[in-house]
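The values are calculated or read from the model by the stated rules, or taken from the named source; none is laboratory data. This structure is a prediction, so every number in the text was calculated from the model and none was measured. Here the Cβ positions follow ideal geometry from the backbone for every residue, glycine too, while neighbour counts run over all protein chains shown.
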Amino acid sequence: MIESLTVLYGALPYLFRGTLVTIALVAGAMGLGLVVGVNLAVGQVYGNRWLRKAIGIYIWFFRGVPLLVLLFLFYFGLFSLLGINLSAFTVAIIVLGLITAAYQSQIFRGAILSLPEGQLKAARALGMSDRKAIVLIILPQALRLSIPGWSNEYSIVLKDSAVAYALGVMEMMARAHFVASRTYEHLPLYFSAGLIFLILTYLGTKGLRVLEEKVRIPGYSR
Amino acid sequence: MAHRKTILRIEDMTKRYGSKTVLKNASLSLKEGELKILIGPSGGGKSTLLQCVNFLVKPDKGRIWLDGEEIIHSRKKELYAYRQKVGMIFQDFNLFDHLTALQNVQIALVKVKKKTKEQARTRAINELERVGLGDHIKKYPAQLSGGQKQRVSIARALAMDPKVMLLDEPTSALDPELISEVLDVIINLRLHGMTMIMSTHQIGFASELADELVFLEDGNILETGPPKKMLSDADCERTREFCSKITELYGNSF
Ligand SMILES: Nc1ncnc2c1ncn2[C@@H]1O[C@H](COP(=O)(O)OP(=O)(O)O)[C@@H](O)[C@H]1O
Ligand SMILES: [Mg+2]
């Protein structure tokens, strides 16, 4: 018991550095997913038939192929085929980001469609281009409505980020495994890794709830 | 009256949804300072006609001139410039829900008319004061009553310096006790010479203030004429029927 704790104590700084890697992975992926996802959603709602079809295929692909397959496909297949030399860490962010973009786009799309049609009409009636209307009127409202769904997506991406381990990214899970396989202290290490994931989930969703409250439009009851 | 110039001319406006024609060859023109009021049964095509005028609904056929210049709506720049000159008031207000009353009025001044923040703010406050909302500029739509919301939307339209205003049943979504505060603002616009087309069921208001009533049913403009004649002895049988029914329903005064 004491021995386990000593090992764990010694390994904690190492695990914490992995936690930072995990946070960077998730932040990068969620950020990429936000930017790509918003554009996918706007294209899906307002785009022409061909654009909508193309986006449909994108979403079908990234929701349908398992994460591990996509990681290998991009890292060992696509990028090396194209002669682009990216670190495993970068590829993991890109793949996680492109996948969550597909899911996030559906959160945003639902939010956009839930807004009354009159919002866009009123914006157009004032002489706004569709682009201005979307940026100034539609998205500020749709993004507010998307926060709960986005928070859910965050907790999923956080967990999925552990799979980056398979590319050799030294995130939390990789480090826990590394120490555990050397010291045979499996239980305390994986337990700690799990606990840190839980704490990150808690902090992230809590933070997003605070944000949701902060940007809530006055006068609306929940 | 005859010497006043024509501001807006609509010719042969037609709109189909699928196989259903909801607007058939509607033609209309407005002289400077004129108020024309669209009346007619629900589903008759009033909203469609008004929204075709600023191309919120794309007509299948029809031409529009503002100040003698034809508007080609496929040219985006022209369309956006034209819409700035045509104020639109919706039945359900359509205020931007995430913006305060002040921001609602300000936003197009800054982002469309490219005024400075300061200019836009001053103008917006003026317009809101003019509709009696000087004390409510910081409120969000959800914190305003229906009558207040509609007045904000009128201020928002007026801030753009429109040449024409289109009002689509501006009081129909309001509780009865809030109707007059909005009608008062519209009366005031009328007195200041604003050119307007408005649809309404407020027949008393219409007969007092309109230059002409336009009766629209099943997408057809069946009759146009001065309110007195339309309400008491219209030429068209259907117009007479509708007018007597609506007078009964909404009363003669406002
Ligand atoms: N987007 C639409 N799609 C299909 N039909 C529509 C649409 N908008 C209006 N209509 C139809 O057009 C007709 C005229 O509607 P509208 O212009 O709203 O009439 P009003 O404003 O006089 O009540 C109605 O029969 C309505 O059902
Ligand atoms: Mg209508």
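Among the residues making up the range A:180-222, those that are closer than 19 Å to A:Lys159 by Cα and of a type in the set (S, T, N, Q) are A:Ser192, A:Thr201, A:Thr205. Residues in the range B:134-180 that are among the polar types (S, T, N, Q) and more than 19 Å from B:Ser47 (Cα to Cα): B:Gln143, B:Ser145, B:Gln148, B:Ser180. Of the residues making up the range B:166-178, just one is in contact (Cβ under 8 Å) with a residue 60 or more places away in the chain and farther than 13 Å from B:Leu38 by Cβ, namely B:Ala173.
Taking (1) of a type outside the set (Asp, Glu); (2) without any contact (Cβ under 8 Å) to a residue 60 or more places away in the chain; (3) within 16 Å of ligand 2 (Cβ to nearest atom); (4) at the interface with chain A (Cβ under 10 Å from one of its Cβ atoms) in turn, B:Met88 satisfies each apart from (2).
Of the helices (runs of 4 or more DSSP H) entirely within the range A:121-210, those holding at least 2 residues that are more than 30 Å from B:Lys163 (Cα to Cα), within 14 Å of chain B (Cβ to nearest Cβ) and under 20 Å from the mean Cα position of the chain (by Cα) occupy A:139-160.
Quick one: in the range B:102-122, of everything that is more than 14 Å from chain A (Cβ to nearest Cβ) and among the charged types (D, E, K, R), which residue is surrounded by the most Cβ atoms within 10 Å (Cβ to Cβ)? For the range B:102-122, the residue satisfying everything is B:Arg121.
Just one of the numbered conditions (1) in a helix (DSSP H, G or I); (2) closer than 23 Å to A:Tyr220 by Cα; (3) more than 16 Å from ligand 2 (Cβ to nearest atom) is not true of B:Glu129: (2). Looking at B:Ser172, B:Ser199, just one residue is on the phi < 0 side of the Ramachandran plot and in contact with a His (Cβ under 7 Å, 6 or more places away or on another chain), and that residue is B:Ser172.
Considering each residue of the range B:124-143 in turn, none proves to be surrounded by fewer than 21 Cβ atoms within 10 Å (Cβ to Cβ), touching a residue at least 12 places away in the same chain (Cβ under 8 Å) and touching an Asp or Glu at 6+ places or on another chain (Cβ under 6 Å). Candidates B:Ile89, B:Ile37: the one that is within 16 Å of ligand 1 (Cβ to nearest atom), modelled with pLDDT of 95 or more and in the same structural domain as B:Cys236 (by TED's automatic domain parsing) is B:Ile37.
If the condition is being part of a helix (DSSP H, G or I) and either within 14 Å of chain B (Cβ to nearest Cβ) or farther than 17 Å from A:Ala41 by Cβ (or both), then the range A:100-120 contributes A:Ala111, A:Ile112, A:Ser114, A:Glu117, A:Gly118, A:Gln119, A:Leu120. Quick check: is even one residue across the range B:124-131 within 16 Å of ligand 1 (Cβ to nearest atom) and either away from every other protein chain (no Cβ under 11 Å) or over 20 Å from the mean Cα position of the chain (by Cα) (or both)? The answer is no; no qualifying residue exists. Name the single residue, out of those in the range B:143-180 being within 28 Å of B:Ile10 (Cβ to Cβ) and hydroxyl-bearing (Ser, Thr, Tyr), that is farthest from ligand 2 (Cβ to nearest atom). Applying the filter and picking the extreme gives B:Ser153.
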